[in-house]
């Protein structure tokens, strides 16, 4: 058994880290867009808006029912064939699109569950003092649903960060793609991949720590 | 002046309100009593469309609506002329006591935040909770939460405050403080429609007591009359049961 080439790993780390921003950018963009889309779908589901509700169900069913990798290939390789305007689509855009649609399907359901979980009488109370449905959602229900949903949503965000590694299959040189190239050059596959694993792990741990402090803050109103 | 005409509410095949006619003068305090499941709460909830009634008319002040044709705007207007106190308090869990009271002033009445909070502070003082202004509902006792609920209803400056069994979820030790606040409101001639099982409150405070059974108003009158000389057999039997456990005098 050969010894682990620590020096190689130490030299490799800064190179890999320089690709971390792209990975995080894709995840952040995907997360923001997915959150917006998921909130809209959750509200459609809760209010059972005719037509849109059925469409949302179909959307959620499809994007939860097929692998992310298949969806990415569909956007990157498949769609341009149908729509010539999309021939310009680059790997990063396709990845963000895929992450957004895929994760929004999951997030919509957990946001919906959080909304439904808020005591119905608070909605009655808001309506009874003359607030509109929209105001009730925005000012009473959603802030509380957020607190309930945050742990799950953070889990999806963590999942999404790791899922950006699939962008490498679309030819994007992000964290995973860069590692693959470096490893292919040096033949030190174990060192390269354990390095990239450590980077992902570190990022996720940092997020988990942020999640805990966020939850503490959101729980302020519920201390007895 | 509030008037209900032929108010009807059904849940599926079951008729919960079977044509309720009721008029309430400004400043009148009305207590609704009756067995459980006879539509007392539903009556209140229909008056502000928390439940959609199936027939009849509701008039509050100069606004009169046919409930089957009420527009969104009319429903909103009705809600702004009524205020509601809930059995389980229903405070906004994410807001402090002060903000629970100020919320409607800001969002519904368009008040500036500082003015709304100042007014909310005055109302909390009136229900004896100045020192709890910055407390969240989870840290308040049931009695305190319900008093915040009443302050929130008072802030709405509604024509009528609807009380839906305001003391039923309370531990006995908190009942008096909530009734005390309600009595204070009654002395100020705030129009109130109160569903309650507190017979002594009905006796002391009500101008008129209404006995409901099976979705109808069976009989009504001043408390002295209704409690001492009930006419209908159902009223007699209900009062016998209730007064066996709590004497109104």
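The values are calculated or read from the model by the stated rules, or taken from the named source; none is laboratory data. This one's a predicted model, so the numbers in the text were calculated from it and none came from an experiment. Backbone-built Cβ (ideal geometry, glycine too); neighbour counts: all protein chains shown.
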Go through the residues of the range A:149-167 one by one and say whether even a single one is out of contact with any strand residue (DSSP E or B) (no Cβ under 7 Å at 6 or more places or on another chain), within 14 Å of chain B (Cβ to nearest Cβ) and within 30 Å of residue B:82 (Cβ to Cβ). no
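Check the range B:201-213 and report whether any residue there is within 14 Å of chain A (Cβ to nearest Cβ), closer than 22 Å to residue B:61 by Cβ, assigned to a strand (DSSP E or B) and in contact with a strand residue (DSSP E or B) (Cβ under 8 Å, 6 or more places away or on another chain).
No.
Yes or no, residue by residue, for (1) in a helix (DSSP H, G or I); (2) touching a residue at least 60 places away in the same chain (Cβ under 8 Å); (3) under 18 Å from the mean Cα position of the chain (by Cα):
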site: A:140; (1), (2), (3): yes, no, no
site: A:151; (1), (2), (3): yes, yes, yes
site: A:164; (1), (2), (3): yes, yes, yes
site: A:183; (1), (2), (3): yes, no, no
site: A:201; (1), (2), (3): yes, no, yes
site: A:211; (1), (2), (3): yes, yes, yes
site: A:214; (1), (2), (3): yes, yes, yes
site: A:221; (1), (2), (3): yes, no, no
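For the condition touching a helix residue (DSSP H, G or I) at 6+ places or on another chain (Cβ under 7 Å) and outside any helix (DSSP H, G or I), what is the one hit in A:107, A:131, A:97?
From the options A:107, A:131, A:97, the qualifying one is A:131.
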Hey, any hits in the range A:46-57 for a residue that's under 18 Å from the mean Cα position of the chain (by Cα), modelled with pLDDT under 95 and surrounded by fewer than 17 Cβ atoms within 10 Å (Cβ to Cβ)? no
Could you check, for the range B:145-163, whether at least one of its residues is part of a loop (DSSP other than H, G, I, E, B), within 14 Å of chain A (Cβ to nearest Cβ), crowded, with 21+ Cβ neighbours inside 10 Å and out of contact with any strand residue (DSSP E or B) (no Cβ under 8 Å at 6 or more places or on another chain)? no
Can you spot a residue in the range B:201-217 that is touching a residue at least 24 places away in the same chain (Cβ under 8 Å) and farther than 22 Å from residue B:4 by Cβ? yes
Modelled with pLDDT of 95 or more, out of contact with any strand residue (DSSP E or B) (no Cβ under 6 Å at 6 or more places or on another chain) and surrounded by 17 or more Cβ atoms within 10 Å (Cβ to Cβ), is that true of residue A:125? yes
Of the conditions (1) assigned to a helix (DSSP H, G or I); (2) at the interface with chain A (Cβ under 10 Å from one of its Cβ atoms); (3) in contact with a helix residue (DSSP H, G or I) (Cβ under 6 Å, 6 or more places away or on another chain), residue B:103 fails just one. Which one is it? (3)
